[in-house]
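Working notes for the structure below.
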Amino acid sequence: MSQDILINWAPQETRVAVVEQGAVQEVHLERTLERGLVGNIYLGKVSRVLPGMQSAFIDIGLDRAAFLHVADLMPNIAAKHATPRDKAPAPPADRAGEVANGHNNRVLAPDPVQPIERQIFEGQALMVQVLKDPIGTKGARLTAQISIAGRLLVFLPQDNHIGVSQKIPPAQREALRQRVMGLAAPKDGSATGGFILRTNAEDASDEELSEDIAYLRKTWQRIKEAGSRQPPGSLLHEDLNLMQRVLRDLVSAQTQSIRIDSKEQFGLLQTFAAEFMPDTGKKLQHYTGERPIFDLFNIDEDIVRALSRRVDLKSGGYLVIDQTEALTTVDVNTGGFVGARNFDDTVFRTNLEAAQAIARQLRLRNLGGIVIVDFIDMVREDHRDAVLTEFRKQLARDRVKTMTGGFSQLGLLEMTRKRTRESLAHMLSEVCPACSGKGVVKTARSVCYDILREILREARAFNPREFRVVASAQVVELFLDEESQHLAGLSDFIGKPISLQSEGSMTQEQYDIVLL
């Protein structure tokens, strides 16, 4: 499927849109003052070890401590990925949990995953890399396995494994693996790190692979030298900016053009591409049209729609997408689509269209974590299988890792999508100050009655000369009109005057009672 990439650059923000057949599939944002941290390498300092959670908090110089789980420490990663021939044979057991040590002494059998408190300690300096940006109230997620991405390869300096992207046909993988093993093998036979071949390395020459290997090793050497000089909490290596990552990660054989509306940035990208990605550089174009580049495919309108809960389908049905901290729910409804044959066919066609739209919305909104999809209930088994097959087919186009289960007993479909960065909604919007994220606010009448109860409570505890109610204009207006009788009755009951003051900066739920 043909693909176009549009880059809108401004000093404060870079926006990238991936368009396929005229429809926006992905939107990526990077702001100068809020640049993401994924891929950055830090020399961290262990600030706290939590044995009960098998994790640790690492200070990498951010406002919040970052999070490191025991599974992301190098010894455990190596044990998890080791092949049978890499693992030493277990000695014969004399009895459960013990092994012979050759001196008639008993020692406990080694645990393949060592507890985190035996591997790191508070105050220790540790080189780590950011896996996930800070999201919401959570700090960044870290790993101790460093990986450095190049044009053709990903370098794993602490591992000797040679891997190949699963998107490369299986018949070519072994040949490519052997080529890289030969090119990466050191002259003296010492271990020098592992590599993973990226998808675009499928047709690379030996010379190109060798250049990428040399570049990645040189980068790692520079990082190690910086780590030996810098104090804990220092940034040792920063990942590429968004425009450079576009050339490295988003461009594929299906990409027809990469258009950018800044002449200066176009020149910088040309230089970057000429050094690292010559083939990609041929697709770069400087956009000089009079219309803003994002107006070519109405991308700004799609971004606005991506912030709303409701997504209308062409058939007349619609989706309702709700994003919470724990998970995202997607509800499918027939809406105005009544079909032409029978109810089962109407439901089936709506669900098929929804499967395509949901997969696109996940990419467009960058929704991650657990996703629960409530398709319209289908009676026929073949309809459920067809919808599930179509949904998985659409998800296969996603460059982010996804996992999908089958329909549950309640007819719900569960899936996960890897989350590394904030969703589009979290980047572009914030919690409503009036409702604090609830989506609803108390009615003005409910707030009036809260105020009356609070005045009664205060009158029993204090003896002021007067009570003054400071509230929003809607609440004050209601007190002066429909609720004036209740306010006057309370004033007579407590024997104190009650005055009103409107405050324009207050939301409908906010109020204050001043004792005079």
Considering segment 114-123, residues that are surrounded by 14 or more Cβ atoms within 10 Å (Cβ to Cβ) and in a loop (DSSP other than H, G, I, E, B), and then whichever is modelled with the lowest pLDDT, we arrive at Gln114
| said: Condition check: touching a residue at least 40 places away in the same chain (Cβ under 8 Å), more than 17 Å from Asp374 (Cα to Cα) and either of a type in the set (Ser, Thr, Tyr) or surrounded by 12 or more Cβ atoms within 10 Å (Cβ to Cβ) (or both). Does Ile321 satisfy that? | reply: no
Going through segment 124-150 in order, the residues found to be crowded, with 18+ Cβ neighbours inside 10 Å, outside any strand (DSSP E or B) and over 23 Å from the mean Cα position of the chain (by Cα) are none
Going through segment 1-43 in order, the residues found to be out of contact with any strand residue (DSSP E or B) (no Cβ under 6 Å at 6 or more places or on another chain) and closer than 18 Å to Tyr287 by Cβ are Trp9, Ala10, Pro11, Gly22
Note on segment 294-328: residues of a type in the set (Gly, Ala, Ser) and more than 17 Å from Leu428 (Cβ to Cβ) are Ser315, Gly316, Gly317, Ala326
Pairs returned, first residue in segment 4-31 that is under 23 Å from Ala359 (Cα atoms), second residue that is aromatic (Phe, Trp, Tyr) and at pLDDT below 95, beta-carbon separation under 6 angstrom, 6 or more apart or interchain, are Val19/Phe297
The condition of being among the small types (Gly, Ala, Ser), under 30 Å from Leu362 (Cα atoms) and either out of contact with any helix residue (DSSP H, G or I) (no Cβ under 9 Å at 6 or more places or on another chain) or part of a helix (DSSP H, G or I) (or both) holds, among Ser228, Ser257, only for Ser257
Asp300 passes all but one of the listed conditions (1) out of contact with any Leu (no Cβ under 9 Å at 6 or more places or on another chain); (2) over 19 Å from Ile7 (Cβ atoms); the exception is number (2)
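The values are calculated or read from the model by the stated rules, or taken from the named source; none is laboratory data. Predicted model, so just to flag it, every value in this text is computed and none were measured. With ideal geometry, Cβ positions are generated from the backbone for all residues, glycine too; neighbour counts draw on all protein chains shown.
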